[in-house]
Amino acid sequence: MMELVLDPRIRDYVLLPIVVLMLLTNIFRHYLMLYIGNPEKKSDIKSIYAAQVLMRTRRFRAAAQRLSEDAFQRRKTFFIQKDSGLLVQEQQQQPAQDNPMASMANNPLMDQGSMMSMMGKNFATVISNILLFTWIDRSFSGFISVKLPFGLTRGFKTMFQSGIDLPALDVSYVSSMSWYILNVTGLQGIQALILGQAAVDDAAMQMSGMPMPQQQAQQPPSAKMYASEKEFIELLQYKWDMKNTEERLLQKFGGR
Amino acid sequence: MSATNFELLRARLEASSGKDIKLNREFLKYVREHHIRESTLVSIYGAPLVDKYASSLGDELWVVLEQVCIAALDSQDLKLADMCISKLDAKFPNSSRVRRLQALRMEAAVRYDDADLVYQRMLLDDPTNTFAMKRRITIARERRDLTRAVQLLNEYLTVFMSDTEAWLELADLYIQQGMYSNASFCFEELLLASPQNCHLYVKYAELRFTMGGVENLELAKKYYSFALELNPDKNTNRAWFGLLATTHALALLADPSSGASKKASSAASESKYVAEMNKLARTQLTKNYENSSATTTLKECLPKTLSDFTVDRMPDSGSSSSKDAKTR
């Protein structure tokens, strides 16, 4: 395989400018986002309440056998009594199952405000990516810019040597487009140093395209979850842990 | 481990008598991260940091200002608190965090109505502001208006029902007012939240013991025993004493000549293992005190105390003799 020597001017006028430009766009975009602002996620009292109800019922089911029978029955009724039980009330307040749009609307992740800001963020990233991509494609195509230090298989040829039509060329020699793609991920490290870790998390989030919720907030409980909790509690049998505790204690200390 | 670290830090601090600025910063950071409440120390060693050496703190200054402000309010150093608030306000006008500090400042100056108004306004803006809710409850408590405190706390718990600290606070409020059955409901919530915490069982048992009556004494006996089952080795004297007192009380109730109603008497005599538990409690207590570092006077008092609560045999509910349960 012949060893190609690349003109150092490629490095000066192609590689470095691309890196610098990408860094600058990222920094610019970051500060732009800061100024556009992050709407604070206003917690919704209803969703907090709903989550807490479920937490409480789960705790109850886990440790119910430590309560006296009276306390157990009282709480069981409190949660599942027809029409007035806590779980029953919550269940009735949820929109019906055959209305997915309504439950979507209730979903705090899809809140109008946060949706807008997320779309705004994505928008800026997408636009800048498209612009850079087009510019590089137009200005820097048709020649080799980098030799990758590792070898690749033939399949990557079309992807990495987009403007170059040399079937015999070693796949390690790639076009500037692939240099751009390499930089998209590679610059996150330098970005972290310059802008702080938060910027990197943001960028990673946008790349993956998934809105990651800030808190532990899960989906707001659906009527189904309430129904299943209700069933669990209904089925809960009372078996007191302390029924024979005196005997066990006497046995334990009998030998001492 | 963190207790010893803290002690070390504190010793170094006192040795340097506050001249070492880096040490002060380190101390404040440690207190922040571990949520320790040492307000006197923080205000003493934090004061020079926010005053003379403020420029050396950089961006940490604002967090330190907030921390020193709260510590100053806690140690009633209102001048220091005012200085901190004015600096924070100058940097962050219209900040909700600064408003919180200003409201706390009002509380420290006993301007409860003004502070309460501020909190109510905060809640109008954001109904989920737990800080404001809790402060309102504290204000009610400070004014000795326990009924209002209970009402506010109940409203808080209607939404944030898995907040164990709040249930503990509510239990305390109920106990202060003698509303023991409400308090035991709160304790049950606490038990559900931390079923492995043996101290909760002891407290619950003590509550039931206080409420009195055969059913409650039975429950107390069970819960004391279970607490000892969970933790049979360390610091068990409280539970053993509890068992001692409960078994003695049950024996008293079972004794018809003690003045208890017939119903209570017969119910009490059905209680199992009373005498055995009593004996076990006495043995264990004697053993524990023997091996302990308690004073000699205490050790000498113990046998008399134990004998006062001795139950040799459960009295029959039908018998008229009262020699079986010695009374004081």
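Quick notes on this structure:
- Verdict on residue B:273 being at positive phi and either touching a helix residue (DSSP H, G or I) at 6+ places or on another chain (Cβ under 7 Å) or of a type in the set (Asp, Glu) (or both): yes
- Among helices (runs of 4 or more DSSP H) entirely within the stretch B:234-315, having at least 2 residues that are within 14 Å of chain A (Cβ to nearest Cβ) and touching a Phe, Trp or Tyr at 6+ places or on another chain (Cβ under 9 Å) singles out B:237-254, B:274-291.
- Residue that is surrounded by the most Cβ atoms within 10 Å (Cβ to Cβ) [pool: residues in the stretch B:212-223 that are within 9 Å of chain A (Cβ to nearest Cβ) and closer than 26 Å to residue B:289 by Cβ]: B:223
- Candidate set: the stretch A:42-75, residues that are among the hydroxyl-bearing types (Ser, Thr, Tyr) and at the interface with another protein chain (Cβ under 7 Å from one of its Cβ atoms); chosen: the one nearest to residue A:222 (Cα to Cα): A:49
- Test for residue A:87: is it touching a helix residue (DSSP H, G or I) at 6+ places or on another chain (Cβ under 9 Å), assigned to a helix (DSSP H, G or I), facing chain B (nearest Cβ under 10 Å) and open to solvent by less than 60 Å² (accessible area, probe 1.4 Å): no
- In this structure, residue B:48 does not satisfy being open to solvent by 80 Å² or more (accessible area, probe 1.4 Å) and more than 14 Å from chain A (Cβ to nearest Cβ).
- Scanning the stretch B:280-316 for residues that are at pLDDT below 85, small (Gly, Ala, Ser) and exposed (fewer than 13 other Cβ atoms within 10 Å of the Cβ) returns B:292, B:293.
- Residue in the stretch A:242-254 that is open to solvent by less than 50 Å² (accessible area, probe 1.4 Å), more than 23 Å from residue A:67 (Cα to Cα) and modelled with pLDDT of 65 or more present: yes
Every residue, every condition in (1) under 21 Å from residue B:239 (Cα atoms); (2) β-branched (Val, Ile, Thr); (3) open to solvent by 10 Å² or more (accessible area, probe 1.4 Å), yes or no:
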{"position": "B:175", "(1), (2), (3)": "yes, yes, yes"}
{"position": "B:188", "(1), (2), (3)": "yes, no, no"}
{"position": "B:197", "(1), (2), (3)": "yes, no, yes"}
{"position": "B:210", "(1), (2), (3)": "yes, yes, yes"}
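- Residue selected from the stretch B:115-141 under the condition of a type in the set (D, E, K, R) and surrounded by 14 or more Cβ atoms within 10 Å (Cβ to Cβ), by the criterion farthest from the other protein chains (Cβ to nearest Cβ): B:141
- Search result, residues across the stretch A:139-164 that are touching a helix residue (DSSP H, G or I) at 6+ places or on another chain (Cβ under 6 Å) and either touching a residue at least 40 places away in the same chain (Cβ under 8 Å) or open to solvent by 60 Å² or more (accessible area, probe 1.4 Å) (or both): A:140, A:145, A:146, A:162
- Unmet requirement for residue B:251, which otherwise passes all of (1) in contact (Cβ under 8 Å) with a residue 60 or more places away in the chain; (2) of a type outside the set (D, E, K, R); (3) open to solvent by 10 Å² or more (accessible area, probe 1.4 Å): (3)
- Residues of the stretch A:1-27 that are assigned to a helix (DSSP H, G or I) and in contact (Cβ under 8 Å) with a residue 40 or more places away in the chain: A:10, A:14, A:15, A:18, A:19, A:21, A:22, A:23, A:25, A:26, A:27.
- Residue count for the stretch B:55-79, restricted to those that are surrounded by fewer than 16 Cβ atoms within 10 Å (Cβ to Cβ) and among the β-branched types (Val, Ile, Thr): 1
- Exactly one residue out of B:173, B:200, B:146, B:191 is under 15 Å from the mean Cα position of the chain (by Cα) and touching a residue at least 24 places away in the same chain (Cβ under 8 Å): that is B:173.
- Unique match (being in contact with a helix residue (DSSP H, G or I) (Cβ under 8 Å, 6 or more places away or on another chain), more than 20 Å from residue B:223 (Cβ to Cβ) and not aromatic (Phe, Trp, Tyr)) among B:268, B:260, B:294, B:251: B:260
- Of the residues contained in the stretch A:210-230, one or more are found to be in contact with a Phe, Trp or Tyr (Cβ under 9 Å, 6 or more places away or on another chain) and either surrounded by fewer than 18 Cβ atoms within 10 Å (Cβ to Cβ) or at pLDDT 80 or above (or both).
The values are calculated or read from the model by the stated rules, or taken from the named source; none is laboratory data. If you're wondering where the values come from, they're calculated on a predicted model, not measured in any experiment. Every residue, glycine among them, receives a Cβ derived from its backbone with ideal geometry; neighbour counts consider all protein chains shown. These accessible areas exclude ligands, DNA and RNA; they are computed on the full protein's heavy atoms, side chains included. Shrake-Rupley method; radii C 1.70, N 1.55, O 1.52, S 1.80 Å.
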